[in-house]
Every structure is written in C-alpha cells, then in structure tokens.
Amino acid sequence: MSITPASDPIDLFRAWFEAAKEREPAEPNAVALATVDAAGRPSLRMVLLKGADARGFVFYTNLESQKGRELLATRRAALCFYWKSLKRQVRVEGPAAPVSAEEADAYFGSRDRGSQLGAWASLQSRPLAGKMELMGRVAKFAAQFGVSAVPRPPYWSGFRIAHERLEFWQEGRFRLHDRLVYERDGAGWKTEALYP
C-alpha cells in the first residue's frame, strides 16, 4: 500500500492537505459537501474548508440556505476532497453541529469587508429577480454600516463535521488504487484497507 498510515487520521489529512496547498493551482480547501433533507433527498455542493483539527472539519455558511437548513434538521453530513494534481481523495462522514458564536464571530471578522456585506445582502438559496437586485442590497448594507465594523448576521455561522469515518484514496496504475479507512473505535481509531 502506498498510503502510509498514521495513528490519528487528522495527522494524515494534514499531511495530504499541506501537499495539496503546494500543488493545487487554486482552492485546495474546496470540498464537496453532501447533505440530505427530511425526505431523504441528497444534495451536493462545494464549500471551502476553514479549519480541521481533532474536533472536526469546519466551514461557514448562511444558516437559512438549503445546506444550513438541512444540516440543522438532520445533523449529519459528508465531505469529499479531491486533489487532481496529487491523484488523491479524502472522504469524511460524521455528525454536524454549529460552531460556537465566538468562533463564528472571529472568522467573520477576518473576512474582507466585501464578503461581510455580501453575507448581509444575499438571501441565499432564495429566488433572485436579477443581479441588480443583489447589487442594490449590497449598496443598502454598505450605506447602513458606513465606515463602522460590519457585525456578523444572526443567520450566518459555521458547522463542524465531527469525523467518525475517513477514507483516504490514492490513485494507482491500472485502477489498482489504494484505499485506507479510519473508523472511530471508542476513544481511538480502527483502520482497514479496502479493495479498489
């Protein structure tokens, strides 16, 4: 197997993520987020990873968006990273929970002002009559906040996916790929290689 296991999967993820940051031309933190609605219909979209540690994988969004509503309702999600230049993929599955208000405030405060105003202006996942409607809302909030700090909207926050299962995939010749799965086993991890 060409994947060198680590005792903790987050250590292996960090090593792969650092390699992706060096090799991927743009957005190595882009990740596909899968959610499901109350009727069991799956939904998939790209988000940007903003943190990964022993507690889980963090991204931010409008809580009133489709993904926000689905995550609040089902509290489960899956992620899939794919780094084409490295021929690697990482899949993550587990429970999802909102980050603390302090974490959300800190990250929101680190965003550029245009993105902060965009968070107020966008009625994410709702019908839009045209781009001018959105730009008008941006102008409205730019005027409302003037030169003062832009506070975090009450409907904007982050989620942490507490990884229970991770799969590391490395492309192999003749489609003989390497797959290594980590699953929570009490306080530790159980690892298993899978057929490609």
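Taken together, the values in this text are just the output of simple stated rules run on the coordinates, not laboratory data. Keep in mind it's a predicted model, so treat the numbers as computed, not measured. Here the Cβ is made from the backbone with ideal geometry for all residues, glycine too, and neighbour counts use every protein chain on show.
Among ARG76, ARG152, ARG113, ARG41, which comes first, second and so on when ranked by fewest other beta-carbon atoms within 10 Å? Intermediate results must be reported in sequence, preceding the final value.
Details: ARG76 16, ARG152 19, ARG113 12, ARG41 9.
Going from sparsest to densest Cβ surroundings: ARG41, ARG113, ARG76, ARG152.
What is the Rg over Rh value, at two decimals, for the stretch 53-196, using alpha-carbon atoms and the Kirkwood definition of Rh?
Reported Rg/Rh (Cα atoms, Kirkwood Rh): 1.10.
Grab the other residues whose beta carbon is less than 11 angstrom from that of ALA193, score K and R as +1, D and E as -1, and report the net.
Details: positive: ARG179; negative: GLU167, ASP178, GLU192.
That works out to -2.
Using Cα-Cα distances under 8 Å and only pairs 6 or more residues apart, what relative contact order does the stretch 1-107 have, in percent?
Over the stretch 1-107, the number comes to 23 percent.
Where does each of HIS177, HIS163 land when they are ranked from fewest to most other beta-carbon atoms within 10 angstrom? Intermediate values should be presented prior to the final figure.
Working: HIS177 17, HIS163 25.
In increasing order of surrounding Cβ atoms, one gets HIS177, HIS163.
Give me the number: length gained by fully extending ALA73 to ARG111, i.e. 0.36 nm times residue separation minus the C-alpha to C-alpha distance, one decimal in nm.
Gain on extension, ALA73 to ARG111, equals 10.9 nm.
Could you give the spread of the C-alpha atoms of the stretch 1-58 along their three principal axes, from largest to smallest, in whole angstroms?
39, 29, 25
Please give me the summed charge of the neighbours of ALA96: other residues whose Cβ is under 9 Å from its Cβ, Lys and Arg +1, Asp and Glu -1.
Here the count lands on +3.
What net charge is computed for the residues neighbouring SER65, neighbours being all others with C-beta under 14 Å from the C-beta of SER65, Lys and Arg scored +1, Asp and Glu -1?
Result for the local shell: +1.
What is the extension gain from PHE145 to ALA38, computed as 0.36 nm multiplied by their sequence separation minus the C-alpha to C-alpha distance, in nm to one decimal? Before the final figure, lay out the partial values.
On the way: separation 107, 0.36 × 107 = 38.52 nm, distance 3.73 nm.
The PHE145-ALA38 span can extend by a further 34.8 nm.
Using only the Cα atoms, work out Rg/Rh for the stretch 122-181, with Rh taken as the Kirkwood radius, to two decimals.
Here Rg/Rh amounts to 1.32.
In percent, how large is the relative contact order of the chain, given Cα pairs closer than 8 Å and 6 or more residues apart?
Result for the chain is 23 percent.
Do the alpha carbons of any pairs in LYS21/LYS50; LYS67/LYS131; LYS21/LYS84 sit beyond 18 Å of each other, and which pairs?
LYS67/LYS131
Report the full-extension gain for the segment ASP8 to ASP185: residue separation times 0.36 nm, less the Cα-Cα distance, to one decimal in nm. Could you put the intermediate results ahead of the total?
Details: separation 177, 0.36 × 177 = 63.72 nm, distance 1.18 nm.
Once the chain is fully extended between ASP8 and ASP185, it gains 62.5 nm.
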